[in-house]
Amino acid sequence: MAKFYFSPTKQKVALLLLTGLTLGLSHSPRKQWQLVRTLPRAWRDIDRKVLRRIIREFEHGRLIDFRLSNDGSAIITLTELGRKYALRYKIDELAIPTSALWDKKWRMVVFDIPERKKRGREALRNKLSELGFLQLQKSVWIFPYPCKDIIDFVVEVFELRQYVQYFEAIAQPSDAKLLLHFKLPALTRQR
């Protein structure tokens with residue numbers, strides 16, 4: 001299987017196709033507006049130019065199939081290869097890989113999500129907990145292993161990009177409770 005880089009937007013497109021939300025595209029401006037009005041919100045939120053570029057990349061990589069409908073628009077669906085890639089990013093099955101060697105850095109997710117996005121905030125908290133993060137404060141979560149791509153994807157899926165920050169911090173010997181929680185070796189003080 002060839003290696004493709006899936007940005008958070010590409011991941012979202014692949015997952016939308018995976019969930020059965022077919023995408024119809026047309027070269028006719030009149031037909032484009034008709035299609036855009038009938039698309040679910042998740043499709044409409046993706047910039048048209050970006051979406052077309054992603055579709056071309058997916059077509060070139062043989063991740064999607066095109067079928068022409070009777071009205072001249074193209075119906076786009078995932079190929080088996082595309083399904084394999086999309087499943088890698090299926091949110092319910094996400095997991096952060098750990099390694100035997102820890103790089104002595106903490107990964108922190110910090111957010112300030114308004115009340116009108118309460119459902120997204122709760123979904124994010126639940127997902128961080130499922131992924132193994134430790135809640136330091138209500139909106140501050142920590143994890144010891146690299147996970148930026150996964151966090152970027154989760155934030156995109158829940159449409160919370162502008163409210164969430166990802167940081168990396170160097171671990172300190174005083175982080176004993178965190179080290180114990182994650183079953184990591186104690187740090188020695190540098191002289």
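The values are calculated or read from the model by the stated rules, or taken from the named source; none is laboratory data. Small disclaimer: the values here were computed from a predicted structure and weren't measured. Glycine also receives a Cβ, built like all others from the backbone with ideal geometry; neighbour counts cover every protein chain displayed.
Listing for the model above:
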quantity	calculated
Selection within segment 89-117 - within 18 Å of the chain's Cα centre (by Cα), loosely packed, with under 13 Cβ neighbours inside 10 Å and not in a loop (DSSP other than H, G, I, E, B)	Asp92, Glu93
Selection status of Val140, under 22 Å from Asp92 (Cβ atoms) and of a type in the set (Val, Ile, Thr)	no
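Conditions (1) touching a residue at least 60 places away in the same chain (Cβ under 8 Å); (2) closer than 14 Å to Ala95 by Cα; (3) of a type in the set (Gly, Ala, Ser), marked per residue:
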position: Glu122; (1), (2), (3): no, no, no
position: Leu131; (1), (2), (3): no, yes, no
position: Ala169; (1), (2), (3): yes, no, yes
position: Ser174; (1), (2), (3): no, no, yes
position: Lys183; (1), (2), (3): no, no, no
position: Thr188; (1), (2), (3): no, no, no
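Quick grid of which residues meet (1) at pLDDT below 75; (2) outside the structural domain of Leu128 (by TED's automatic domain parsing); (3) crowded, with 17+ Cβ neighbours inside 10 Å; (4) in a strand (DSSP E or B):
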{"position": "Val13", "(1), (2), (3), (4)": "no, yes, yes, no"}
{"position": "Leu17", "(1), (2), (3), (4)": "yes, yes, yes, no"}
{"position": "Arg30", "(1), (2), (3), (4)": "yes, yes, no, no"}
{"position": "Trp33", "(1), (2), (3), (4)": "yes, yes, no, no"}
{"position": "Val36", "(1), (2), (3), (4)": "yes, yes, no, no"}
{"position": "Ala42", "(1), (2), (3), (4)": "yes, yes, no, no"}
{"position": "Arg52", "(1), (2), (3), (4)": "no, yes, no, no"}
{"position": "Phe66", "(1), (2), (3), (4)": "no, yes, no, yes"}
